[in-house]
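The values are calculated or read from the model by the stated rules, or taken from the named source; none is laboratory data. Computed from a predicted model, the values in this text were never measured in an experiment. Cβ coordinates were reconstructed from backbone atoms using ideal geometry, including for glycine residues, and neighbour counts include every protein chain displayed. Quick note on the areas: whole protein, heavy atoms, side chains included, nothing else; ligands and nucleic acids left out. Shrake-Rupley method; radii C 1.70, N 1.55, O 1.52, S 1.80 Å.
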Amino acid sequence: YVAAVYEHESILSPAPAVPVERRAALELMGRNLDIYEQQVLAAARQGAQIIVFPEDGIHGFNFTRSSIYPYLDFIPHSHSGKWNPCREPYLYNDTEVVQRLSCMALQNKIFLVANLGSKQPCERWEPRCPPDGRFQFNTNVALGADGALLATYRKHNLYFESAFDTPAEPDHAFFDTPFAGRFGMFTCFDILFYEPAVSLIRQYNLKQIVYPTAWMNQLPLLSAVEFQQAFSTAFNVNVLAANIHHPTLGMTGSGIYTPVKSFIYHNMESYGGKLIVAEIPVITADYKTNLEKTPGRVSGKGKEQSPPSFYAEMMYDNFTFVPLWGEKGELQVCANSLCCYLNYQKAVLTDELYALGVFDGLHTVHGTYYVQACALVKCGGLSFGTCGQEVTDATALIDFQLWGNMSTPYIFPLLLTSGITLDFADHMGWKNNHYFLSKNRTSAGLLTAGLYGRWYEKD
């Protein structure tokens with residue numbers, strides 16, 4: 001099927017914390033919706049059957065709870081597909097934004113997924129009803145090619161969003177299409193948690209995911225395109241990911257991902273939006289990764305001197321590292337119950353410093369979640385203290401096998417190369433209670449090869 005995602009440089013309110021009238025809010029959102037309209041038309045002309053827009057693309061961000069209120073639409077929370085906002089605008093008040101989106105879908109005969117703010121009145125005596133008598137949600141809507149509202153999803157894992165409430169129960173949101181079956185839907189930070197992302201995929205055996213996001217890139221392990229690809233690979237799903245485009249805030253990185261090929265956009269230099277359109281296969285059956293060529297055991301090291309281990313901060317966590325010295329070698333580094341192993345050979349010798357790092361613990365900065373990670377990274381400079389820094393360019397081509405005795409089945413394989421480009425492993429998967437990732441000759445200089453494990457039970 002043909003899918004489209006649009007990385008949108010949203011027109012932002014100059015003073016988001018200052019309250020405005022609904023009319024002024026609609027005027028600002030209308031300017032973003034004008035751009036959406038052009039992109040829907042462009043995508044439809046290229047044969048796209050579905051288009052996905054980013055989180056916060058219509059209203060922007062940095063609001064307070066009260067200042068965002070005029071930007072909120074009323075969205076009835078149901079999965080019925082009974083309401084067509086374009087054809088029945090009179091059914092509910094304050095639905096101007098979803099009406100416009102619905103009409104775009106209808107006029108271009110395309111499925112459309114967008115993110116907006118929504119409100120839902122509640123009685124003050126209701127449990128969890130906020131003091132101002134309303135819930136405010138970060139909401140995705142999915143609209144059919146006839147304009148009907150097919151599904152809504154209210155973001156569960158909020159990321160410092162004081163303007164919004166968390167729904168009482170995680171939404172499991174999905175909708176059906178004639179061209180690719182069922183699509184699941186969640187937003188941004190949700191991708192790192194069991195609920196609703198993993199549980200939705202497992203419960204409904206989903207193979208297609210739509211994913212609006214407003215993601216701030218964090219190298220070396222959580223750049224948007226890097227993790228979106230890893231998620232697609234880990235769960236064997238297609239992911240249609242639309243990010244916002246604000247390079248000054250570190251926000252870029254969208255794509256259409258299959259487990260074996262990606263169509264991505266990552267651009268920290270220029271401004272303006274970007275439409276990606278790609279034809280991808282519908283995933284039906286699970287395919288198993290071939291693991292025949294991975295070693296069962298590491299050979300003993302003999303009398304070689306093992307390089308010294310050292311500590312450095314990476315992703316706000318205290319990683320234990322060992323450096324890669326020489327053109328080839330076998331390394332091991334452990335922390336808590338996790339041991340990471342690396343066999344490597346540098347195909348091109350450079351004076352860059354690389355290190356193998358391990359972390360097994362609770363991550364506590366910008367969210368709390370338990371991580372088990374094995375990562376081969378290029379350091380920022382030639383001293384140990386630079387390992388774990390954000391690096392975007394590398395020249396070393398390295399053949400490697402990386403593996404670890406991970407305690408969780410949820411492993412996201414990362415393979416990032418120079419210029420924030422993606423590569424695909426030759427082999428990966430489980431063998432003898434170890435997860436393996438191997439690659440002969442990356443297509444460009446290696447930035448990160450990692451196993452990012454999420455141990456959800458220990459959050």
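At a glance:
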quantity: The stretch 215-235 - residue that is under 22 Å from Gly57 (Cβ atoms) and over 9 Å from the mean Cα position of the chain (by Cα) and, of those, most open to solvent (accessible area, probe 1.4 Å); calculated: Met216
quantity: Residues that are open to solvent by 40 Å² or more (accessible area, probe 1.4 Å) and either in contact (Cβ under 8 Å) with a residue 40 or more places away in the chain or of a type outside the set (A, V, I, L, M, F, W, C) (or both), drawn from the stretch 118-135; calculated: Gln120, Pro121, Glu123, Arg124, Glu126, Pro127, Arg128, Pro131, Asp132, Arg134
quantity: Residue in the stretch 236-246 that is assigned by the TED database to the domain that holds Ala44, surrounded by fewer than 18 Cβ atoms within 10 Å (Cβ to Cβ) and part of a helix (DSSP H, G or I) present; calculated: no
quantity: Near pairs, Cβ below 7 angstrom, 6+ apart or cross-chain, from the stretch 321-332 (farther than 24 Å from Asp360 by Cα and free of Cβ contacts under 8 Å to residues at least 24 places away in the same chain) to any residue that is among the hydroxyl-bearing types (Ser, Thr, Tyr) and crowded, with 19+ Cβ neighbours inside 10 Å; calculated: Lys328/Tyr344
quantity: Residue in the stretch 17-29 that is outside any loop (DSSP other than H, G, I, E, B), in contact (Cβ under 8 Å) with a residue 40 or more places away in the chain and in contact with a strand residue (DSSP E or B) (Cβ under 9 Å, 6 or more places away or on another chain) present; calculated: yes
quantity: Selected residue (only one of Phe436, Phe359, Phe412, Phe400 is out of contact with any Cys (no Cβ under 8 Å at 6 or more places or on another chain), aromatic (Phe, Trp, Tyr) and closer than 27 Å to Ser254 by Cβ); calculated: Phe412
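Okay, residues lined up against (1) part of a strand (DSSP E or B); (2) of a type outside the set (Val, Ile, Thr); (3) buried (at least 19 other Cβ atoms within 10 Å of the Cβ):
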| site | (1), (2), (3) |
| --- | --- |
| Pro308 | no, yes, no |
| Ala312 | yes, yes, yes |
| Phe321 | yes, yes, yes |
| Glu330 | yes, yes, no |
| Tyr341 | yes, yes, yes |
